[in-house]
1. Just need a number here: residues in region 1-36 that are of a type in the set (A, V, I, L, M), open to solvent by 50 Å² or more (accessible area, probe 1.4 Å) and within 19 Å of residue 68 (Cβ to Cβ).
2. Which members of region 10-20 meet the condition of being over 11 Å from the mean Cα position of the chain (by Cα) and either modelled with pLDDT under 95 or charged (D, E, K, R) (or both)?
3. What is the residue count in region 37-46 for residues that are open to solvent by 60 Å² or more (accessible area, probe 1.4 Å) and either more than 18 Å from residue 15 (Cα to Cα) or in contact with a Lys or Arg (Cβ under 9 Å, 6 or more places away or on another chain) (or both)?
4. Looking at region 27-44, I want the residues that are farther than 21 Å from residue 16 by Cβ and have a partner that is among the small types (Gly, Ala, Ser) with Cβ atoms under 7 Å, at least 6 apart or on another chain. Which pairs are those?
5. Pull out all pairs, ordered by first then second residue, where Cβ-Cβ is under 9 Å, the residues are six or more apart or on different chains, the first lies in region 1-25 and is more than 21 Å from residue 57 (Cα to Cα), and the second is part of a loop (DSSP other than H, G, I, E, B) and open to solvent by 90 Å² or more (accessible area, probe 1.4 Å).
6. Can you confirm whether region 44-52 contains a residue that is in contact with a Leu (Cβ under 7 Å, 6 or more places away or on another chain) and under 18 Å from residue 4 (Cβ atoms)?
Amino acid sequence: MESLVKSIPGYLSHFSFRDPATRKGVTISYFESEDDIKEWKQVSDHIRAQELGRSDFYENYEVQVVEVVREYSWHK
């Protein structure tokens, strides 16, 4: 999925992390617009991966579509 999501117009970046003990994790993907997110949601290989996740890997999951209102960072 990583190379596929990177090919979607409007894709900006993503990152993931997973707890090795519990296997709970988060993936956050950034896109330029909500329309770009909708485009990603309709990609057939992405749909098949979601179906495989539901049938073989996950008992549950949550999806949030959010807008970044403000962003800042600090570096020493």
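1. Within region 1-36, residues that are of a type in the set (A, V, I, L, M), open to solvent by 50 Å² or more (accessible area, probe 1.4 Å) and within 19 Å of residue 68 (Cβ to Cβ) number 3.
2. 17, 18, 19, 20 - these are the residues of region 10-20 that are over 11 Å from the mean Cα position of the chain (by Cα) and either modelled with pLDDT under 95 or charged (D, E, K, R) (or both).
3. The number of residues fulfilling the criteria is 5.
4. 33/10
5. Between residues of region 1-25 that are more than 21 Å from residue 57 (Cα to Cα) and residues that are part of a loop (DSSP other than H, G, I, E, B) and open to solvent by 90 Å² or more (accessible area, probe 1.4 Å), the close pairs are 9/32; 10/32; 11/32; 12/32.
6. Yes, region 44-52 contains at least one residue that is in contact with a Leu (Cβ under 7 Å, 6 or more places away or on another chain) and under 18 Å from residue 4 (Cβ atoms).
The values are calculated or read from the model by the stated rules, or taken from the named source; none is laboratory data. This structure is a prediction, so every number in the text was calculated from the model and none was measured. Don't worry about glycine lacking a Cβ; one is built from the backbone with ideal geometry, like all the others, and counts go over all protein chains shown. What goes into the accessible areas is simple: the full protein's heavy atoms, side chains included, and nothing from ligands, DNA or RNA. Shrake-Rupley method; radii C 1.70, N 1.55, O 1.52, S 1.80 Å.
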